Structures are given as C-alpha cells and as structure tokens.
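J.: One structure coming up, written as structure tokens, with questions to follow.
The values are calculated or read from the model by the stated rules, or taken from the named source; none is laboratory data. The structure displayed is predicted, hence computed values, not measured ones. So basically every Cβ, Gly included, is an ideal-geometry build from the backbone, and we count neighbours across all protein chains shown.
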Amino acid sequence: MSRRAGLILLTSVLAARAVSAQADSGGAARASVLVRAGRLLAVRTGAVLTNQAILIEGDRIKEIGAADAVAAHAPREARVIDLRNATVLPGLIDCHTHITSDPGDYYKQLFRMSAIDEAVRAHLYAKRTLDAGFTTVRNVGAGEFIDVALRNAINEGAIPGPRMLVSTMPLSATGGHGDVNGMSPYLRFEGFSGIANGVDQIREKIRFEVKYGADLIKVLASAGVLSEEESVGAPQYTQEELNAVVEEAAMWGRKVAAHAHGAEAIKRAVRAGVASVEHGSLIDDEGIRLMKERGTYLVADIYNDDYILAEYTRLGFPQKIIEKERLVGRQQRENFKKAVQAGVKIAFGTDAGVYPHGWNAKQFAHMVRWGTTPLQAIQAATVNAADLIGWADRVGALEPGKLADVIAVVGDPLQDVTVLEHVGFVMKGGQVVKDSLTGGAKAAR
C-alpha cells in the first residue's frame with residue numbers, strides 16, 4: 001500500500017469512528033427540545049413576552065418567539081417542556097465566586113484542613129450553585145489549581161456544575177491580602193502561591209498560571225477584609241506593577257479582575273486597564289469618574305456583609321477581621337449606590353464561598369435596595385456579566401445561536417426580585433439539571 005493510500009485509509013477510519021462515536025454518545029445532545037414559556041423575560045429590553053416558546057437543538061437555541069409559530073417548526077419527536085405557569089429567563093452568571101471553599105471554623109480551615117479537603121468537597125458547591133440557577137461563574141481565587149480541575153471535570157461531563165472561568169491563585173504582594181499574616185515567621189505553608197513582587201515576578205507568575213489553566217488573572221490591588229494585615233484598603237501594588245499585570249495578561253489573551261477596596265488602589269487598577277474592580281468598597285468620586293470613562297465594570301458583593309457580621313464571630317474569625325468588615329460594609333453599599341447613579345457598568349458578583357454556596361441570588365434584593373431597578377440587577381447577572389467575561393456570544397440572553405441555558409421561577413422577578421432566590425427549573429446547554437415546576441409534564445404542541 002502506498003503511503004498516500006495508507007493516509008487516506010487512516011483518515012477514513014478515524015472519520016468513521018468519529019461519526020460512530022457521535023451517533024453513540026451525541027444523539028441525546030443533538031435532540032430537539034421545545035420549551036413553552038408562559039412569560040419570558042427579554043433581558044436586554046425588559047419586555048415580558050407572553051405565550052412564548054424556545055426551540056433547542058443540541059446545546060443551542062435555534063428559534064424563539066410566539067409559541068404556536070415556533071412549535072410549528074419543531075420536529076415531531078421534539079421533547080416538550082411545559083413552563084406555561086412560570087417566568088423564563090436566561091441562566092444567571094456570578095462573576096465573583098470562590099466555589100472550592102465554604103465558610104467554616106477559621107483555625108480549623110487554616111491549620112487542620114488541606115487542599116485535598118477542598119478538592120473533595122468542591123463538587124458539592126458546584127452543584128448547589130447550578131441548582132440555584134447560576135449556569136456560569138467566574139471563579140476568582142482558589143488554591144492548588146483545584147478550580148482548574150473542577151472546571152475540567154464539569155466540562156467533560158464527569159460532574160454537574162456551572163460553566164467556569166477560573167483565575168487560579170490571586171496575585172498578591174508579600175504581606176498582602178493573599179499572604180498569611182499575623183503568624184510566626186517560622187510558620188510555613190507548602191503548596192503553590194500567588195505571591196509575586198515586582199514586574200519580573202509578576203510576569204513570571206502570570207505565565208505560570210496561564211500555563212496551568214487560568215482563564216483570567218486575579219490581582220489583589222489592595223488590602224482586604226478577610227485577612228490579618230492591618231489595613232482594609234491600602235494599595236498593595238504600585239502603578240507600575242499593576243500596569244505589568246494587565247499588559248502581561250493581555251499578551252496571553254486574558255482579562256484581569258482587580259480586588260480593590262481602597263480608593264487609591266481602585267484608581268490604580270482602573271488606570272492600568274483592568275476589566276473589573278471587585279468590591280470597590282471605598283471608591284471616591286474620582287474613581288467613579290474613571291470607571292465610567294474607561295468602561296470598567298464594578299463587581300460589588302453587597303450581600304455578604306450581613307452573613308459575615310452574623311456568623312463569623314461564631315466561626316472563630318479574629319476580631320480584627322470582624323472590625324474591618326464593620327468598617328467597610330455600610331460604606332460599600334452606599335458607594336455602590338453612587339456608582340449606579342453615576343452610570344458605572346455593573347456586573348453581578350457575590351463572593352460566594354464567603355457565605356454558603358447556593359445563596360447567590362440573595363444579592364439581587366440588596367442591589368435593588370441600594371440603587372438598581374430589578375431589571376438592572378437581572379441585567380447585571382445576564383447580559384452585563386456575559387460582556388464582562390467575554391462570552392456575550394454564548395450566554396447571558398435567550399437568543400438564537402446562544403447556549404440553551406434556561407431557568408424558570410414562579411412569579412414576576414421585575415415585581416419581586418426575591419423570586420430569583422427560588423429557581424424551580426434549570427437547564428444548562430439543553431440538558432435539564434433541575435425541575436420542580438413541571439413534574440415531567442408534557443405540554444400540548
């Protein structure tokens with residue numbers, strides 16, 4: 001057999017195997033589903049459309065519109081899901097999670113548990129997040145590449161969970177928010193670290209994280225609350241260092257999320273060109289102006305102050321940490337309101353993992369209480385969040401060509417946004433992962 005003939009035969013065999021594999025394992029993925037929606041929220045406009053239907057083929061939305069017209073285009077064998085008594089929305093997006101950890105005893109987690117403990121529990125938190133209606137998350141901090149492994153397992157279908165973009169270890173200055181502070185200098189923790197000082201170390205660390213799976217880069221531009229350094233908001237990287245973070249990340253096609261509580265750190269991060277400022281607690285008028293001018297997203301976790309003040313003393317957190325939360329909690333909410341009123345772009349992010357996973361939607365009510373309309377809060381968790389993470393072509397709205405991420409609730413979230421705390425139906429990529437609304441009922445086509 002000639003070499004060319006052999007190559008042709010090999011190509012044919014591989015192609016045949018691929019087709020066979022698709023037929024064996026992908027048939028269900030290509031199946032058609034017709035979702036009948038009593039009410040459908042068009043998140044871009046805020047319009048609530050009645051008597052709608054969504055035709056799904058495989059993991060994508062093929063058509064959406066008036067129920068009878070869409071149903072007429074559906075294959076006869078299409079599965080029909082009856083949500084005519086519910087309001088249907090796109091899957092929600094949380095842009096600030098720590099899905100590999102959950103709140104617990106401070107010293108037990110620090111000294112008696114390891115990354116292995118986190119790894120064996122992480123899938124539970126992923127499932128709780130998905131069941132809460134959050135079909136996509138941006139995970140902005142995890143140790144030992146656990147977030148990479150979790151993302152990969154979800155993508156491979158080994159375990160259920162939301163789509164994940166992961167940052168791996170946040171970049172931190174020595175003695176900063178990502179370091180272990182307040183301990184003996186003889187205490188050592190083994191494992192991977194995000195500690196990097198100076199431009200050269202920062203560039204090397206970003207390359208290391210990208211090499212092993214980071215989808216974005218998280219940088220700790222300021223001090224923080226849940227760490228034992230003295231300040232809550234002081235800058236911890238220079239302007240030159242932050243510029244290098246953004247420049248190096250961009251070279252590798254990655255966006256940057258900047259943890260920043262303090263006003264100066266926020267402004268340095270914005271000037272450097274980060275995609276989002278996380279927390280933004282002590283932002284001043286100049287920072288608000290810069291964010292608006294440059295289109296930087298604010299991702300403000302304005303629910304978890306309630307949980308920290310209610311539970312963290314019981315969990316054994318040092319009083320210094322509790323006092324830092326008291327210092328910034330109210331100010332963060334007031335400054336969030338100022339940013340909303342000024343027209344700063346807002347994306348939904350909760351810091352899940354600081355409070356229990358699955359409670360993500362509790363933040364919607366706080367956003368409304370502190371300045372957004374219900375629609376703006378929902379847009380922050382859909383179209384805005386999709387834009388921030390760079391997935392506007394895939395998620396964030398119920399539109400033809402996008403992934404079939406669909407949730408449903410009883411009630412009208414534009415009138416009572418807290419109904420989003422009780423999502424009864426979740427579909428991710430055309431596959432139903434939770435359904436307490438239909439009872440398996442099949443609607444009339």
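J.: Out of everything in the range 310-330 that is within 22 Å of GLY371 (Cα to Cα) and of a type in the set (A, V, I, L, M), what residue ends up being farthest from the chain's Cα centre (by Cα)?
T.: If we filter the range 310-330 for residues that are within 22 Å of GLY371 (Cα to Cα), which is where we start, we get 325-330.
In the following step, the residues that additionally are of a type in the set (A, V, I, L, M) were identified as 327-328.
Details: LEU327: 26, VAL328: 23 Å.
Per the criteria, the residue is LEU327.
J.: Quick check: is even one residue across the range 335-346 surrounded by 16 or more Cβ atoms within 10 Å (Cβ to Cβ) and polar (S, T, N, Q)?
T.: Within the range 335-346, one or more residues are surrounded by 16 or more Cβ atoms within 10 Å (Cβ to Cβ) and polar (S, T, N, Q).
J.: I would also like to ask the following. Of these, GLU204, GLU230, GLU240, which one is in the same structural domain as MET164 (by TED's automatic domain parsing), touching a residue at least 12 places away in the same chain (Cβ under 8 Å) and either among the acidic types (Asp, Glu) or in contact with a helix residue (DSSP H, G or I) (Cβ under 7 Å, 6 or more places away or on another chain) (or both)?
T.: Values: GLU204 fails: touching a residue at least 12 places away in the same chain (Cβ under 8 Å); GLU230 fails: touching a residue at least 12 places away in the same chain (Cβ under 8 Å).
Answer to the selection: GLU240.
J.: For the range 190-214, which positions are hydrophobic (A, V, I, L, M, F, W, C) and either within 21 Å of the chain's Cα centre (by Cα) or outside any loop (DSSP other than H, G, I, E, B) (or both)?
T.: Within the range 190-214, ILE195, VAL199, ILE202, ILE206, PHE208, VAL210, ALA214 meet the criteria.
J.: Now, a different point. Go through (1) surrounded by fewer than 24 Cβ atoms within 10 Å (Cβ to Cβ); (2) in a loop (DSSP other than H, G, I, E, B); (3) hydrophobic (A, V, I, L, M, F, W, C) one by one and return the number of the condition ALA142 breaks.
T.: (1)
J.: Follow-up question, since we're still on this one. Go through the range 55-118 and tell me which strands (runs of 3 or more DSSP E), entirely inside it, have 1 or more residues that are in contact (Cβ under 8 Å) with a residue 60 or more places away in the chain, surrounded by fewer than 22 Cβ atoms within 10 Å (Cβ to Cβ) and not assigned by TED's automatic domain parsing to the domain that holds ILE308.
T.: 60-66, 79-90
J.: Taking interchain pairs and intrachain pairs at least six residues apart, which have beta carbon atoms under 8 angstrom, with the first residue in the range 246-261 and in a strand (DSSP E or B) and the second at pLDDT below 95 and crowded, with 21+ Cβ neighbours inside 10 Å?
T.: From residues that are in a strand (DSSP E or B), the pairs are HIS259/HIS177; HIS259/GLY224; ALA260/GLY233.
J.: Name the one entry in ILE288, ILE283, ILE195 that is closer than 18 Å to THR168 by Cβ and either at pLDDT 95 or above or surrounded by 24 or more Cβ atoms within 10 Å (Cβ to Cβ) (or both).
T.: Answer to the check: ILE195.
J.: I would also like to ask the following. Being β-branched (Val, Ile, Thr), surrounded by fewer than 23 Cβ atoms within 10 Å (Cβ to Cβ) and more than 14 Å from ALA173 (Cβ to Cβ) is the requirement here; does VAL246 meet it?
T.: For VAL246, the condition - β-branched (Val, Ile, Thr), surrounded by fewer than 23 Cβ atoms within 10 Å (Cβ to Cβ) and more than 14 Å from ALA173 (Cβ to Cβ) - is met.
J.: Considering only the range 218-243, state which residues are among the acidic types (Asp, Glu), crowded, with 18+ Cβ neighbours inside 10 Å and assigned to a helix (DSSP H, G or I).
T.: The answer is GLU241, and nothing else.
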